[in-house]
1. Taking segment 59-73 as the region of interest, how many residues are farther than 15 Å from ALA4 by Cβ and either modelled with pLDDT of 95 or more or among the β-branched types (Val, Ile, Thr) (or both)?
2. If I go through segment 1-33 residue by residue, how many of them are surrounded by 12 or more Cβ atoms within 10 Å (Cβ to Cβ), among the basic types (Lys, Arg) and not in a helix (DSSP H, G or I)?
3. As an exercise: evaluate ALA76 against (1) modelled with pLDDT under 95; (2) outside any helix (DSSP H, G or I) and give the number of the one condition it does not meet.
4. Among the residues of segment 1-38, what is the count of those that are in contact (Cβ under 8 Å) with a residue 24 or more places away in the chain and under 16 Å from CYS122 (Cβ atoms)?
5. Is it the case that segment 103-116 has a residue that's crowded, with 17+ Cβ neighbours inside 10 Å, more than 14 Å from ALA26 (Cβ to Cβ) and of a type outside the set (Gly, Ala, Ser)?
6. Could you tell me whether any residue of segment 88-101 is acidic (Asp, Glu), under 18 Å from ASP121 (Cα atoms), surrounded by 13 or more Cβ atoms within 10 Å (Cβ to Cβ) and modelled with pLDDT of 95 or more?
7. Say we look at segment 5-58 and pick out the residues that are of a type in the set (Gly, Ala, Ser), modelled with pLDDT of 95 or more and over 13 Å from the mean Cα position of the chain (by Cα); which of these is nearest to ARG89 (Cα to Cα)?
Amino acid sequence: MTDAVLVLTSRLRAELTRAAKARKVADIAALRSLLSALDNAGAQPAEEPATVTEGPIAYAVEFGQAEVARRVVSVAEAGQIVAAEIAQRRQQSQLLDQAGRDVEAAVARSQAKLLARIAVDCDFSEVL
């Protein structure tokens, strides 16, 4: 991850700790979701592992093949992920409003505002 992305993930983790201590369930869900999405972006594409086709360990993965270095997540990729998470919550709040579910809509709006505030604080404001 680049320095800007590391700053963002560090800030998200700090906010997650604060939200957990304050028992803010909705904030915890939003922060975990974004952290997971950023972490998943660093995963390497799945490849077909070399396997042993005969003997007592047939089809077992060879030693060390499951270990791969994570991909570097660029600022642009992280920005797209942050924007998608915020957009998803904003769209969700609109749909919930239309369905007359005001409380759930307010929660989704609150989550979007939290993620947007963190994005601005970490210089990811261009994604908003």
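1. 2
2. The number of residues fulfilling the criteria is 1.
3. It fails just one condition, (2).
4. 16
5. Checked against the condition, which is being crowded, with 17+ Cβ neighbours inside 10 Å, more than 14 Å from ALA26 (Cβ to Cβ) and of a type outside the set (Gly, Ala, Ser), segment 103-116 yields no hits at all.
6. no
7. Going through the qualifying residues, I end up with ALA26.
The values are calculated or read from the model by the stated rules, or taken from the named source; none is laboratory data. Since we're looking at a predicted model, the values are computed, not measured. No Cβ is skipped: glycine too gets one built from the backbone with ideal geometry, and neighbour counts run over all protein chains shown.
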